[in-house]
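For reference, the structure is listed below as structure tokens.
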Amino acid sequence: MFHAIRGSGTFVTAASEETPVETDVSSPSMKDEEGPFYSVGFDPLDGSSIIDANFSVDSIFGVWPGKGLLGRRGREQAASVVSLYGPRTTLMIALPAKSRDVDKGDLSFEVTLVKDRSHWEVSRGDVKLKASKKVFAPGNLRAVNDNEKYDALVKHWIADRYTLRYSGGMVPDVYHMFAKSGGVFSNVSSEKARAKLRLLYEVAAIGLMVECADGATTHEFEDKSVLDIEIDDLDKRLGVCFGSKDEVAKYKKFMFE
């Protein structure tokens, strides 16, 4: 992926989950060009813990305008992309209105690899999440043992007859919400079950995708969109909640009040 990024003539800085340093990926020819140029934070293979079970795995990319990733916020992204490798190979692409230079609002859409893997076709032109849907994916579930609020929330989802859709991979579980037009994904930490999701390589990109699809996001313990959290460490980790707006509001009621 670093080879492809360097060869694109578009990126000047890159960092990945496996190479968590700001790396110069510009080419000599770019010195004479005006741009625009971008920086990218990415996870080349998300879901490595479930690959042996033949579950879907993915790659995640967050794209920022200009040079550098430290000190940025997810809301500054020009785009984010998830490539999902399952029965189909798909790309979900998020484009905020500011990067589209149009008055039609934010956009999340899907393309699928077809025709003997030689052609990309738009499979869903405008993906939106409904305000509420009784589907849940509770990540880091061991945290309920010493996080009473998370324990109460999970018990509420079960008692209220929510449908469980959880694979152990963040992107497949969030992607399920896109496929079913709603739901809620949580990954909450506790003193004994620490946060694992990385802001730069996973959370910011997926957060942009969810919010561009009319969903909502929040930090696990603070009423703040994940897109407003500063990347002050390339390995910064946090807990999150993503999903339909009413479902995220319900999360906040259990976790913040």
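What to note about this one:
- Failed criterion for A137 (all others in (1) in a strand (DSSP E or B); (2) under 14 Å from the mean Cα position of the chain (by Cα) hold): (2)
- Candidate set from the range 64-79 (those that are buried (at least 23 other Cβ atoms within 10 Å of the Cβ) and under 14 Å from the mean Cα position of the chain (by Cα)); member that is nearest to E34 (Cα to Cα): Q77
- Of all residues in the range 18-40, those being open to solvent by less than 50 Å² (accessible area, probe 1.4 Å), touching a Pro at 6+ places or on another chain (Cβ under 9 Å) and closer than 30 Å to G86 by Cα number 1.
- Pairs where the first residue, in the range 142-168, is open to solvent by less than 40 Å² (accessible area, probe 1.4 Å) and the second is at pLDDT 95 or above and of a type in the set (F, W, Y), C-beta under 6 Å, 6+ apart: A143/Y150; V144/Y150; L153/F254; W157/F136; Y162/F136
- Count of residues meeting criterion [in a loop (DSSP other than H, G, I, E, B) and open to solvent by 50 Å² or more (accessible area, probe 1.4 Å)] in the range 169-182: 0
- Taken over the range 8-27, the residue count meeting the criterion of being in contact with a Leu (Cβ under 8 Å, 6 or more places away or on another chain), under 12 Å from G68 (Cβ atoms) and not aliphatic (A, V, I, L, M) is 2.
- Taken together, D58, D106 contain a single residue that is under 27 Å from A15 (Cβ atoms), modelled with pLDDT under 95 and crowded, with 16+ Cβ neighbours inside 10 Å, which is D106.
- Set L234, L200, L208: member being part of a loop (DSSP other than H, G, I, E, B), over 25 Å from E148 (Cβ atoms) and of a type in the set (A, V, I, L, M): L234
- Being farther than 24 Å from E230 by Cβ and of a type in the set (K, R) holds for only one residue in R73, R142, and it is R142.
- Residue in the range 216-234 that is farther than 26 Å from A78 by Cβ, at pLDDT 95 or above, over 16 Å from the mean Cα position of the chain (by Cα) and surrounded by 19 or more Cβ atoms within 10 Å (Cβ to Cβ) present: no
- Qualifying residue in the range 193-209 (condition: among the β-branched types (V, I, T), open to solvent by less than 30 Å² (accessible area, probe 1.4 Å), farther than 20 Å from I60 by Cβ and at pLDDT 95 or above): no
- Top-ranked residue in the range 217-231 [being part of a strand (DSSP E or B) and in contact with a Lys or Arg (Cβ under 8 Å, 6 or more places away or on another chain); ranked as nearest to Y166 (Cα to Cα)]: T218
- Single residue of D214, D116 found to be part of a loop (DSSP other than H, G, I, E, B), under 16 Å from S244 (Cβ atoms) and acidic (D, E): D214
- Residue pairs meeting the criteria (Cβ under 8 Å; at least 6 apart or on separate chains; first of a type in the set (S, T, Y), in the range 21-38; second open to solvent by less than 80 Å² (accessible area, probe 1.4 Å) and in a loop (DSSP other than H, G, I, E, B)): S26/F37; S27/G9; S29/G9; Y38/T10; Y38/G66; Y38/A78
The values are calculated or read from the model by the stated rules, or taken from the named source; none is laboratory data. It should be emphasised that the depicted structure is a prediction, and the values quoted were computed from it without experimental measurement. So basically every Cβ, Gly included, is an ideal-geometry build from the backbone, and we count neighbours across all protein chains shown. We work out accessible area using only protein heavy atoms, side chains counted, and drop any ligands, DNA or RNA first. Shrake-Rupley method; radii C 1.70, N 1.55, O 1.52, S 1.80 Å.
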